[in-house]
Amino acid sequence: QVQLVESGGGLVQAGGSLRLSCAASGLSFSVYAMAWYRQAPGKERELVATITRSGSTNYADSVKGRCTIARDNAKTTVYLQMNSLKPDDTARYYCKATYLSTNLWGRGTQVTVSS
């Protein structure tokens with residue numbers, strides 16, 4: 001069974017840090033491009049960061065310099081390190097795996113940043 005399971009969310013004060021994890025199972029993880037998205041209440045889901053299967057990364061302007069995406073193919077896990085968190089970062093964070101026309105989503109993990 002293919003699964004993406006996010007973890008690591010929580011409540012943190014502004015300026016704090018969190019590391020999100022997305023554990024993948026049931027798929028050939030190393031061939032998938034991975035990404036983190038987020039969705040705040042009343043807003044559309046937006047791209048946060050991507051990492052290709054070769055390790056190239058890209059970030060939304062809103063998180064550039066504050067977030068780092070990384071993958072560990074041996075652990076079939078992708079991470080999102082988030083620093084200097086702001087209240088605007090409050091959202092549900094989702095992991096996505098993409099290979100050719102296949103897109104897989106996790107159920108998300110909630111991040112709440114208090115001011």
**Request:** Work the Kirkwood hydrodynamic radius out for segment 1-53: mean of 1/r over every pair of different alpha-carbon atoms, inverted, in Å.
**Result:** 13.1 Å
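Name the GluC sites (Glu not before Pro) in segment 1-68 that are in a loop by DSSP and that have at most 16 other C-beta atoms within 10 Å, would you?
Working: sites: Glu6, Glu44, Glu46; in loops: Glu44.
Answer by residue number: Glu44.
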**Message:** Under 26 Å between alpha carbons, and skipping anything fewer than 8 positions from Lys86 in its own chain: which lysines qualify?
**Reply:** Lys43, Lys64, Lys96
**Fill in**
Simple spin-label estimate for Gln81/Val2, 7 Å along Cα→Cβ, in nm, reads 3.0 nm
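How long is the gain from Ala60 to Ala40 if the chain were fully straight, where each residue apart is worth 0.36 nm and the alpha carbon distance is subtracted?
5.7 nm
With the alpha-carbon atoms as the only input, what is the per residue convex hull volume for segment 67-115 in Å³?
Numbers: hull volume 4.6 nm³, N = 49.
Looking at segment 67-115, the number lands at 95 Å³ per residue.
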**Asked** Given a 1.4 Å probe and the protein chains all in place, what does the accessible area of Leu11 round to, in Å² to the nearest 10?
**Response** 130 Å²
**Prompt:** Using a simple charge model, +1 on the beta-carbon of Lys and Arg, -1 on the beta-carbon of Asp and Glu, nothing else, what dipole does segment 12-115 show about its Cα centre, in debye to the nearest 20?
**Reply:** 140 debye
**Message:** Could you give each residue of segment 17-32 its phi-based ³J(HN,Hα) in whole Hz, using Karplus coefficients 6.51, -1.76, 1.60 with θ = phi - 60°, and x for Gly or Pro?
**Reply:** 10, 9, 10, 8, 10, 9, 8, 9, 8, x, 9, 7, 3, 5, 8, 8
**Prompt:** Which of the cysteines found in the chain have nothing to pair with, since no other Cys Cβ lies under 4.7 Å from theirs?
**Reply:** Cys67
**Prompt:** In vacuo Debye scattering of the chain, one point per C-alpha: log10 I(q)/I(0) at q = 0.17, 0.18, 0.23 Å⁻¹?
**Reply:** -0.75, -0.84, -1.33
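The values are calculated or read from the model by the stated rules, or taken from the named source; none is laboratory data. Every value quoted in this text rests on a predicted model; they were computed, and no experiment measured them. Glycine also receives a Cβ, built like all others from the backbone with ideal geometry; neighbour counts cover every protein chain displayed. What goes into the accessible areas is simple: the full protein's heavy atoms, side chains included, and nothing from ligands, DNA or RNA. Shrake-Rupley method; radii C 1.70, N 1.55, O 1.52, S 1.80 Å.
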